[in-house]
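The values are calculated or read from the model by the stated rules, or taken from the named source; none is laboratory data. Nothing here was measured: the structure is a model prediction, and the numbers come from that model. Please note: Cβ atoms are built from the backbone with ideal geometry, for glycine as well, and neighbour counts cover all protein chains shown.
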Amino acid sequence: MTAQTRIEHDSLGTVVLPADALWGAQTQRAIENFPVSGQPLPPLFIQALARVKAACAQANQALGLLSAEACSAITAAAAEIQHGAHLDAFPIDVYQTGSGTSTNMNANEVIARLAAQRGVTVHPNDHVNMSQSSNDVIPTALRVAAVEAVTGALIPAMDHIRAVLRVRAAELATVTKTGRTHLMDAMPIRFDQVLLTYEAQLTGAALSIAQATDRMRALPQGGTAVGTGINAPAGFVDAFLQALNGDSGSYRAMPLPSVGMAAQDEPVALSAALRGLAVVLMKLTNDLRLMNSGPLAGLSEISLPDLQPGSSIMPGKVNPVVPESVAMVAMQVQGLDTAIALAGQSGLFELNVALPLIANNLLQSITLLSQALRLLADKALAGFRVNQANLAAALDKNPILVTALNPVIGYELGAKIAKRAYAERRSVKEIAREMTDLDETTLERLLNPAHLT
């Protein structure tokens, strides 16, 4: 031992650790055992874990198992962590023991040491971990962290982008553009119809996320080691929920805690809903990039806001950087979901042994999507301009408009008119005027792109 180190012990023996570390022996062993990614679990998870620890302490005091002094010290220490302090005292790698035991003990040791700094001696296992096991604490903290992240960040971001789409749809309700199927010219469609389609897709994704999030509100806390509740006294679950919820009533008990410990079906379902949102965003961003393509050799139907120079070698080039950023988020979320699905299969008998991975990936997906939605709304959708001249030119020469004449002249004559219009690069109206006996007024009425939407 030196001035920079101290010695602590656990059931395996002595451990040397930094003198000023808030953690203890078991955390130090985990730091040394898992030098994998250098990436600790997200702050959102650690803060939720601290909240769970505080609620457990309050439940134990209410049941007469923990002194008021010890409960107060544990709760105060946990509150500091919950509000963002001491997060650097949680350095254990995501890729650790699959139960998250190392992170649970990390929290127990840090809270105990913070309590000691207040002059109150509490034991990491006997007091901070009272009536608990890593096996119920970690999946409970996972659920609490995810619910708070969805309700606090993701749902507001989804509401925001949907509101932006509705505003832009109202602004562009009279603007008609060429529709496309198979990337080929199709019948006209109004811009508000396009934008409200995106809004409806996002509404569907929000519904799926809300339903999956509600399932996450059921917590396995009180199941302790294998779901049977060993060492958790009668009344602990109710007391824990009362302390956790306060007046909100947000969280509830799982009827069978073992379900939330042996399996992770609820986080898998939430991740799948997030993947659904990522799929919507990929379609939306692809459409924006294609509509923005050009300005001369592409569609150039819209112009996204100019945010930064687009090339280190081609002066004047500007790229659709925000849709590209959001598309990469969508890709990443789908990859994270695949890993979560595989992790969900790792429920071996009474415990899932990929909990840190699930927690990390789920919270990363929620955070990425929350930020990407606002970015897309504010820096792409809110400010794009419609290139009216290009839209009108494409509509005027779109041979597919002949579809509107089918009921009057028949499919076969319509096909001939369309082919000739393609070949001669002339409008359908001009060719139809020459190949049918329809008068100008009738042609104007039948081929008006706005009427065809």
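Points to keep in mind about this one:
- Test: Arg275 is buried (at least 21 other Cβ atoms within 10 Å of the Cβ) and either in a helix (DSSP H, G or I) or in the same structural domain as Ala157 (by TED's automatic domain parsing) (or both): yes
- Test for Asp126: is it farther than 24 Å from Met216 by Cα and of a type outside the set (Phe, Trp, Tyr): yes
- Residue check, Gly100 in contact with a Pro (Cβ under 6 Å, 6 or more places away or on another chain), on the phi > 0 side of the Ramachandran plot and touching a residue at least 24 places away in the same chain (Cβ under 8 Å): yes
- Residue in segment 435-453 that is surrounded by the fewest Cβ atoms within 10 Å (Cβ to Cβ), counting only those that are in a helix (DSSP H, G or I) and either among the aliphatic types (A, V, I, L, M) or at positive phi (or both): Met435
- Against the conditions (1) at pLDDT 95 or above; (2) assigned to a loop (DSSP other than H, G, I, E, B), Glu324 satisfies every one except (2).
- Test: residue in segment 393-401 that is modelled with pLDDT under 90, of a type in the set (Val, Ile, Thr) and in contact with a helix residue (DSSP H, G or I) (Cβ under 6 Å, 6 or more places away or on another chain): no
- In segment 1-110, counting only helices (runs of 4 or more DSSP H) that sit wholly within it, the ones holding 3 or more residues that are surrounded by fewer than 16 Cβ atoms within 10 Å (Cβ to Cβ) span 68-82.
- Extreme residue, surrounded by the fewest Cβ atoms within 10 Å (Cβ to Cβ), among residues of segment 410-434 that are of a type in the set (Val, Ile, Thr) and closer than 15 Å to Asp185 by Cβ: Ile417
- Failed condition for Leu114, given (1) over 18 Å from Ile138 (Cα atoms); (2) touching a helix residue (DSSP H, G or I) at 6+ places or on another chain (Cβ under 8 Å); (3) not in a helix (DSSP H, G or I): (3)
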